[in-house]
Every structure is written in structure tokens, then in C-alpha cells.
1. Within the range 76-90, track down each residue that is touching a helix residue (DSSP H, G or I) at 6+ places or on another chain (Cβ under 9 Å) and either at pLDDT below 95 or among the basic types (Lys, Arg) (or both).
2. Restricting attention to the range 23-43, which residues are out of contact with any strand residue (DSSP E or B) (no Cβ under 6 Å at 6 or more places or on another chain) and either under 15 Å from LYS68 (Cα atoms) or in a strand (DSSP E or B) (or both)?
3. Give me the pairs: first residue in the range 95-113 and free of Cβ contacts under 8 Å to residues at least 12 places away in the same chain and under 22 Å from LEU12 (Cα atoms), second residue among the aromatic types (Phe, Trp, Tyr) and not in a loop (DSSP other than H, G, I, E, B), beta-carbon distance under 6 Å, and six or more apart or on different chains, which are they?
4. Name the residues in the range 71-121 that are basic (Lys, Arg) and within 22 Å of ILE40 (Cβ to Cβ), would you?
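The values are calculated or read from the model by the stated rules, or taken from the named source; none is laboratory data. In this text the structure is predicted, and so the values were computed from the model without any measurement. Positions of Cβ are generated from backbone atoms using ideal geometry, with glycine treated the same way; all protein chains shown enter the neighbour counts.
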Amino acid sequence: MLLEGVSLARQLESAFKQLDEELSGLESGIIFFYIRNNVIGKYGIKHDPIECKSGVLRGKTTEVMEPKVRLAFRKLAIDSLRYKKGWTHGEIQFEFAVSDKGLNISVQFESNYNMSNYTFE
């Protein structure tokens, strides 16, 4: 399937579904999407390192983020696309943290341009 004909919102939703299991065990991190010609190329999660004390790894093995919270996160990510204006190449990052008060999310857009595509008159 060619992604050029698929909306960015639908691509984002599909990527979030693929990240769902990994996202369920995280307390915090950054989900990133690299975009070229309004097509998601590379995406993933940068998360806090796993703690190691006295040679023993201490990572989370249980579900931290509930399914309804992950669904709300996905919806917010898709809704945030309305703030993307006029650019086709760049990056979107969602920094998140789960706390007692719920899920905190910060969205950052980065647009990229290439001068080699311009013609000067």
C-alpha cells in the first residue's frame, strides 16, 4: 500500500496502534515521527533508561498506562495535527509522563525546508 494517498492522521493512528504494547509499560518518554512529503517514514519511542542497581535490572514489567489512557493519547495526537500548518517535511514529538494525576503530554512540531528546491529570480 502506498502511503502517499493516506492522510497523515490515519498514518499516525496506525503507528500508535503498532506502538500500543510498548507504550503500555512506560511511565514516560517521547514518541517521535519523522515526516517527508506528509508521509511518516520513521517513528518510535525514546524512553527513560532501565534502572540497574547492584547488577539487577529494575524495569517495569506490568502495564502502567491503561488502554483508555492510551486511546486518549492517540486521539490527542491526531487532534494536534490541526496545529501543523503549511509544511510537509519535519518531525513531531509527543513527550509524555504518567503520574497520579493522569497523563501529561507536550507536543512539539519541527518543520524542515530545503533551499535546493527554490529557484531565485
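1. LYS84
2. Those that are out of contact with any strand residue (DSSP E or B) (no Cβ under 6 Å at 6 or more places or on another chain) and either under 15 Å from LYS68 (Cα atoms) or in a strand (DSSP E or B) (or both): LEU23, SER24, GLY25, ARG36, VAL39.
3. Cβ pairs passing all conditions: none.
4. Passing the criteria: ARG74, LYS75, ARG82, LYS84, LYS85.
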